[in-house]
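To start, the structure under review is shown below, and the notes come after it.
All of the numbers you see were taken from the coordinates with simple rules; none came from a lab. If you're wondering where the values come from, they're calculated on a predicted model, not measured in any experiment. As a convention, Cβ positions derive from the backbone with ideal geometry for all residues, glycine included, and neighbour counts pool all protein chains shown.
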Amino acid sequence: MSHGFNIVSGMHEFLNDDPMFAAACVANKVGIVDVRRPRDKKDRRPFSGQIHDVTCPRIAVLGTVCAVGKRATAIILARALNDRGIKTVMVGTGHTRASTGSHRTSLQPGPKRTTT
């Protein structure tokens, strides 16, 4: 931050809420983007069902934790299909998508819910 770099954080704890980081932002004229922070309710869009109108084939790449290689698998698969003449795009839907600058959609989870 002292070198003028903005921060894009995918951590579950929000750096903007930390007084030390907030002060460093102001002092260094930089910003922090907490990509996991949910949008304000007024800025959220409810599920529209438009996905049902999509007629092209889709391949879902799913996993339960961040270190299993979902994004790498999707990138390799999309490149291989494009190399074979099958027009393909990768549509990221998570927080990694938000932090890597993709122009596609991001699915934001609601607040954590715990059961006892």
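Figures for the structure shown
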| item | result |
| --- | --- |
| Efficiency of FRET from Cβ geometry, D18 and R58, R₀ 41 Å, rounded to 0.05 | 0.55 |
| Column: log10 I(q)/I(0), Debye, Cα scatterers of segment 15-76, q = 0.12, 0.21, 0.24 Å⁻¹ | -0.65, -0.99, -1.02 |
| Distant-in-sequence amide H partners of V33 (H built 1.01 Å from N, under 5 Å) | I7, V8, S9 |
